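Okay, so here's the structure we're looking at.
Every number here is computed from the coordinates shown, using simple stated rules; none is lab data. Note that the coordinates shown come from a computational prediction; the quantities given were computed from them, not determined experimentally. All Cβ positions, glycine included, derive from the backbone under ideal geometry; neighbour counts span all protein chains shown.
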Amino acid sequence: MRQEDEERTPKGKKEKSVAQELLGTVLYIAVVAFVCFLIITFVGQRTTVSGQSMEPLLHDGDNLILDKLTYHFRDPERFDVVVFDQTESDHYIKRIIGLPGETVQIIDGYVYINGERLEDDVYGKEVMLQPMRAADPITLGEDEYFVLGDNRNYSRDSRDPGVGNVKRSQILGRAWLRFWPLNQIEFIKHQ
């Protein structure tokens with residue numbers, strides 16, 4: 001009886017089901033690729049710390065997940081740890097110190113915002129030896145931020161004319177989670 005059933009099944013039906021399976025698989029792969037693209041573009045991205053400028057919080061070789069969604073709903077805040085584009089191939093990880101419209105200056109190794117010493121800056125524990133361009137007052141534009149590394153004397157940041165003020169459009173997102181090395185997995189503390 002089975003042989004009779006097989007003879008009754010048209011060949012076109014078998015070929016159609018193979019074509020349907022192939023089309024289904026291609027559509028599935030396209031949907032997965034599109035969802036991955038949306039997540040990487042708008043939600044999160046992996047990045048690697050390079051250098052010692054954010055020690056002791058972050059170390060050379062740490063792998064992070066970057067939160068790209070938060071800044072679609074609110075502006076960056078003072079002390080947020082952000083990743084920004086310096087050039088097309090270089091990403092920097094620094095802490096926001098100065099906000100749009102503020103005047104930032106480094107006097108005797110300490111940060112001053114609008115003429116007042118930034119007392120709650122517990123991240124830069126060392127006195128800065130080189131204020132560079134921040135020896136003079138720097139007034140930030142309406143979409144500019146002043147950033148510093150936590151390891152202030154070993155950081156290339158907004159004090160350096162080659163980095164300067166960071167525009168809002170340069171900020172890719174904020175550091176969210178360190179996932180490597182495995183023995184140091186933790187959410188990044190911003191405030």
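Select from the stretch 55-91 those chymotrypsin sites (Phe, Trp or Tyr not before Pro) which occupy a DSSP coil region and have at most 13 other Cβ atoms within 10 Å, ordered by residue number.
Loop-located and lightly packed - Phe73.
What FRET efficiency do you get for Tyr28 and Val122 if R0 is 45 Å and r is their Cβ-Cβ distance, rounded to the nearest 0.05?
Efficiency, rounded to the nearest 0.05: 0.35.
With only alpha-carbon pairs counted, each pair once and no self-pairs, how large is the Kirkwood hydrodynamic radius of the stretch 22-149 in angstroms?
In the stretch 22-149 this quantity evaluates to 17.0 Å.
Report, by chain and number, residues whose modeled amide H sits under 5 Å from the one on Asp80, excluding near sequence neighbours (fewer than 5 apart, same chain).
HN-HN under 5 Å from Asp80: Ile96.
Report the GluC sites (Glu not before Pro) located in the stretch 111-191 that are in a DSSP loop and have at most 15 other Cβ atoms inside 10 Å of their Cβ, or state none. Write down the numbers at each step before the final one.
Working: sites: Glu116, Glu119, Glu126, Glu142, Glu144, Glu186; in loops: Glu119, Glu126, Glu142.
For GluC sites (Glu not before Pro) across the stretch 111-191 that sit outside H, G, I, E and B with at most 15 neighbouring Cβ atoms in 10 Å, the list reads Glu119, Glu126, Glu142.
Tell me, Kirkwood radius of the stretch 88-151 from alpha-carbon pair distances, in Å?
Working: mean 1/r = 0.0816 Å⁻¹.
This gives a value of 12.3 Å.
Restricting to Cα pairs below 8 Å that are 6+ residues apart, what does the relative contact order work out to for the stretch 42-157? Please round to a whole percent.
Relative contact order for the stretch 42-157 comes out at 26 percent.
At a Förster radius of 25 Å, what calculated FRET efficiency corresponds to the Cβ-Cβ distance of Arg168 and Phe37, to the nearest 0.05?
Details: r = 23 Å, r/R0 = 0.94.
It comes out at approximately 0.60.
What trypsin sites (Lys or Arg not before Pro) in the stretch 58-103 are in a loop by DSSP, with at most 16 other Cβ atoms within 10 Å of the Cβ?
Those that pass, being in a loop and sparsely packed, are Arg74.
Quick one: what Rg and Dmax do you get for the stretch 80-190 from the alpha carbons, in Å?
Rg then Dmax for the stretch 80-190, in Å: 14.0, 43.
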